[in-house]
Amino acid sequence: MIEMSLVRVSKLSKDYGYDTGIYDLTFQIEKGETFGLMGPQGSGKTTIIKILMGLVRPDHGRCAIAGRDCYKKSEELKKVIGYLPEDPKFSEEMTGLSMIKFQAELRRKKGLERAFLLADRFGLNLHQKIETMTEETKQKLAILCALWYDSPVYLLDQPMRRLDQIFQNRFMELLLEEKERGKTIVIASHIFEDLERICDRVAVLREGRLAALKEIEDLRYSKRKAHVVVFQTEREAIRFSKQEEFFVSEQEGCRLTISMDGEMKPLLERLLEYKIDKIEPQVRDIEEAFVCYYGGGKS
């Protein structure tokens, strides 16, 4: 028997009008995989997470988790998914503890030991009223609410928002532990370094469409794939930038920074037609590496 992917997205579309939404997306996520949805604001990350949660009905296509349609079986799936929305909402008059107990009743979950352990780890006072919490504390509570059920699948939308660097590191350590335990984790974010730390693969989104689907090793390799070409004259540099199809991310006089997603051989072959002094490799971060997918850095 062939084992199917845990999450299957096929030709998925949701059009909100005015060129906003997602269009014809197809990808799979394996059991135990940590999968990133990466892109600037408005690229469709949150829409995908909401459709996977069954909160939004797609216009076309299909998505399923463990063979169950995300929209038709949403109530069933919500019992086995830990969900962190992009903008969590709470009943302000409740305490953190009363919120957790309320969720436990909805899910018929017995035992709050894991919730207390995470609260201690997060430095959360569960007896504090939510209305008196800072935005960062509310985000920590939202993360706790997503993780304390010990679900097999986590859907996390912009989890690092509102968190200071110290807690971001603690939270990342926790996610890595969950990954080691075999959890399937989907993270929507534009924080490239965090996705690089934990993800196995990343779907790069641009204006609601899948611009690239990359293994994390390809992401790391792409860091080295930018080259500074120093031409003998500024005129030669301008001629290259106008006539060639390579992506020029920066131009300064005779120097062009050329970003690539592929082998260097085609570039070297074209440079034979120009007068150049030298080629210098440039180390880039993940954001720079994917400028080309975003269409010249559009955000």
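What follows is calculated from the coordinates using simple rules that are stated; it is not laboratory data. In this text the structure is predicted, and so the values were computed from the model without any measurement. All Cβ positions, glycine included, derive from the backbone under ideal geometry; neighbour counts span all protein chains shown.
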* Per Stokes-Einstein, at 25 °C and 0.890 mPa s, what whole-number D in µm² s⁻¹ belongs to the chain, with the Kirkwood radius over Cα pairs as the hydrodynamic radius? -> 115
* Springs between alpha-carbon atoms under 10 Å, Gaussian network over the chain: tell me which of His190, His127, His60 tops the mean-square fluctuations. => His127
* Structure fact -> In the chain, whole DSSP H helices that both stretch 15 Å or further along their axis by alpha carbon positions and average at least -0.5 on the Kyte-Doolittle scale are 96-107, 135-147
* To do: Report the residue, chosen from Gly61, Gly21, Gly36, that carries the largest GNM mean-square fluctuation when the chain is represented by alpha-carbon nodes joined by springs under 10 Å.
  => Gly61
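Taking 45 Å as R0, compute the FRET efficiency from the Cβ-Cβ separation of Thr132 and Ser10 and round it to 0.05. Could you put the intermediate results ahead of the total?
Numbers: r = 46 Å, r/R0 = 1.02.
So the FRET efficiency works out to roughly 0.50.
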* Would you be so kind as to identify which of Leu117, Leu205, Leu272 lies farthest towards the positive end of the dipole of the chain, taking Lys and Arg as +1 and Asp and Glu as -1 on Cβ and the Cα centre as origin? => Leu117
